[in-house]
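J.: Structure below; questions to follow.
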Amino acid sequence: MKRLALALLMLTALLPQAQAKDVLAKDAFGAHKLPALGEAQSHGFYSKGCYAGGVAIAETGPHWQVMRLSRNRRWGHPDLVARLQVLAADASKVGWPGLLIGDISQPRGGPMTSGHASHQIGLDADIWLTPMPDRILTAREREDISATSMLKKGKLTVDDNVWTQAHFNLIKQAASYSDIERVLVHPGIKKKLCETERGDKSWLRKIRPYWGHFYHMHLRMGCPQSSPDCRKQNAVPKDDGCGKELAWWFTDEPWKPAKGPSKPPVRDTMKLSQLPKACMDILNLPAPASADEVTSAVSSQ
């Protein structure tokens, strides 16, 4: 009887933890407004993971402004935030007036409460293809302004009344960094880049066509060497991707409606128990006293 009582006691002690693992991961991670203090580490995969040691990019910088501030998604691995700051400065030298930065990650990553399937380990960032205006936008404007589509209405090809050489320069600059492994764009944008580049096209292998992404580009950084628990993505093909691979996107096949009943996004059903074990610990790590303590050192304008 004593052994049975002891076993029941141990089971009762473990029950809250077991129940915690069964909650929706998006609810657990979405509830955190500040990052987990500690060494910067990405755990898991881009669409199934979390990270610690995150930092925020300043809401307004010398060559960027963050949009949709109410979402609290200006957080990322320090390496990515540093790369965005470099891109902003470099892009200004090739004719781009400044970055409008969309979603990066939640403070501790994990599945988002809405939107993306990826952006979970602090290594993804969305950059609008709308040029930054020559003034600081108000908080209200950052919520209300819509990004501009690069496509002709109802078509899969780029609208030349919207597209400029500066758009080409921006995307090429983003692909130039060795730590950026992919730049996701709409197939029509990839097609335009392939048609425009007259020199070395090797950089175009990083430009990956994907559904959506007609008003922004999605940067994806490779796993940092300091994050051994980060699962690498497959390498991009060695060719420039401007041939048969791209032509497929301009057939009917990619745009056929899915067969059968629709399923909820994985983001909406993923449980904590499905994430890497480290993610449970990250949820319980202490937070900084404020966002200011872990915001990029680059001062606002």
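J.: By how many nm would the segment from Ala89 to Lys152 lengthen if fully extended, with 0.36 nm per residue of separation less the alpha-carbon distance?
T.: So the chain would gain 19.7 nm between Ala89 and Lys152.
J.: Convert each backbone phi in the range 103-108 into a coupling constant with the Karplus relation 6.51 cos²θ - 1.76 cosθ + 1.60 (shift: θ = phi - 60°), then list the ³J(HN,Hα) values in order as whole Hz, x for Gly and Pro.
T.: Working through the residues one at a time gives 6, 10, 8, 6, x, 10 Hz.
J.: Probe 1.4 Å, all protein chains in place: accessible area of Trp248 in Å², nearest 10?
T.: In the full protein context, Trp248 sits at about 100 Å².
J.: While we're here: With each run of n ≥ 4 DSSP H residues scored as -39500 (n - 2.57), what mean residue ellipticity at 222 nm is computed for the chain after dividing by its residue count and rounding to the nearest 500 deg cm²/dmol?
T.: Dividing the helical sum by the residues of the chain leaves -8000 deg cm²/dmol.
J.: Report the net charge of residues surrounding Thr138, where surrounding means a beta-carbon distance below 14 angstrom and charges are Lys +1, Arg +1, Asp -1, Glu -1.
T.: 0
J.: From Cα pairs below 8 angstrom and at least 6 apart in sequence, can you work out the relative contact order of the chain, rounded to a whole percent?
T.: Value for the chain: 26 percent.
J.: Can you bin the chain into rounded, prolate or oblate? Criterion: square roots of the alpha carbon gyration tensor eigenvalues sorted a ≥ b ≥ c, rounded for a/c under 1.5, prolate for a/b above b/c, oblate for the rest.
T.: It comes out prolate by the Cα gyration axes.
J.: Only helices at least 18 Å long along their axis, Cα-based, and averaging 0.0 or more on Kyte-Doolittle count here, so list those DSSP H runs from the chain.
T.: Taking the DSSP H segments of the chain (at least 18 Å long, mean hydropathy at least 0.0), we get 2-21, 78-93.
J.: A follow-up question, please. If you add up the charges near Tyr46, with Lys and Arg at +1 and Asp and Glu at -1, over every other residue whose beta carbon is less than 9 angstrom from its beta carbon, what do you get?
T.: Neighbour charge sum, excluding Tyr46 itself: +2.
J.: Also, I was wondering about something else. So, counting K/R as plus one and D/E as minus one, what does the shell of residues with Cβ under 13 Å around Ile101 add up to?
T.: Local net charge: +2.
J.: Okay, next question. At a Cα cut-off below 20 Å, give the aspartates and glutamates reachable from Lys238, other chains included and same-chain residues fewer than 8 away excluded.
T.: Qualifying aspartates and glutamates at Cα under 20 Å: Asp179, Glu181, Glu195, Glu197, Asp200.
J.: Next up: On average, how much accessible surface per residue is there in the chain, in Å², for a 1.4 Å probe, leaving out ligands, DNA and RNA?
T.: In whole numbers, the chain has 51 Å² accessible per residue.
The values are calculated or read from the model by the stated rules, or taken from the named source; none is laboratory data. Small disclaimer: the values here were computed from a predicted structure and weren't measured. Note that each Cβ is placed from the backbone with ideal geometry, even for glycine, and that neighbours are counted across all protein chains shown. Areas reflect the complete protein model, heavy atoms only, side chains present, ligands, DNA and RNA absent. Shrake-Rupley method; radii C 1.70, N 1.55, O 1.52, S 1.80 Å.
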